[in-house]
Amino acid sequence: SNHIKTIKIIMQISFIICGMVSGIILFQSVLIAPAINKLIDQKQASTLLRHLWPKFFLTIGLLSLLSFVTSLLFPTDQILTKYSSSLSFVLMSICYFMVPIINNAKDSSKNRLWSNLHLTTVILTLVTLLLSISLIYFNVF
């Protein structure tokens, strides 16, 4: 009985983390970044976004790692949680390590390279969002 309660609590941790990841991605991408680009001048927006995006990728990566570690420490049949959280961690790590390369491309006026790298981070972040939402969906329905 206590074992079942523990498993249920651990499953809730994964759901909570998925909800947090989804919320952070939507909040940053839909509300924060567009508002910054619209409301403050380009140089200030660039400085602020260069400060925020690495923390964004790091936060989501660490939350994904926490979800993965939790699923390993407390073995359940959450194979989907293990795969999606580990993949999300890898994707967000890639984005995190791409940030200086993206900034350098922008600073060097390599606009095509910047555009391609930026699009890559957008796609990887979208995949991470879809993984989080699908994890909740497939565990609820």
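What follows draws every value from the coordinates through simple rules; no lab data is involved. Fair warning: this is a prediction, and the values are worked out from it, not measured in the lab. Here the Cβ positions follow ideal geometry from the backbone for every residue, glycine too, while neighbour counts run over all protein chains shown.
Please state the charge dipole magnitude for the range 1-124, taken about the Cα centre, from unit charges on C-beta atoms (+1 on K and R, -1 on D and E), reported in debye and rounded to the nearest 20.
So the dipole magnitude of the range 1-124 works out to roughly 160 debye.
Just need log10 I(q)/I(0) for the range 62-117 at q = 0.12, 0.20, 0.21, 0.24 Å⁻¹, Debye formula, equal scatterers on the alpha-carbon atoms, no solvent, rounded to two decimals.
Cα-only, vacuum Debye calculation for the range 62-117: -0.42, -0.68, -0.71, -0.82.
For the range 100-141, report the translational diffusion coefficient in µm²/s to the nearest whole number, using Stokes-Einstein at 37 °C, 0.692 mPa s, and a Kirkwood Rh over Cα pairs.
The calculation lands on 279 µm²/s.
Would you mind giving the three semi-axes, in whole Å and largest first, of the ellipsoid equivalent to the range 35-77 according to its Cα gyration tensor?
Ellipsoid half-lengths, sorted descending, are 36, 8, 4 Å.
Once you treat every alpha carbon in the range 13-61 as an equal point and sum by Debye, what is log10 I(q)/I(0) at q = 0.27, 0.28 Å⁻¹?
-0.99, -1.02
When the expected Rg is taken as 2.2 N^0.38 Å, what fraction or multiple of it is the alpha-carbon Rg of the chain?
1.19
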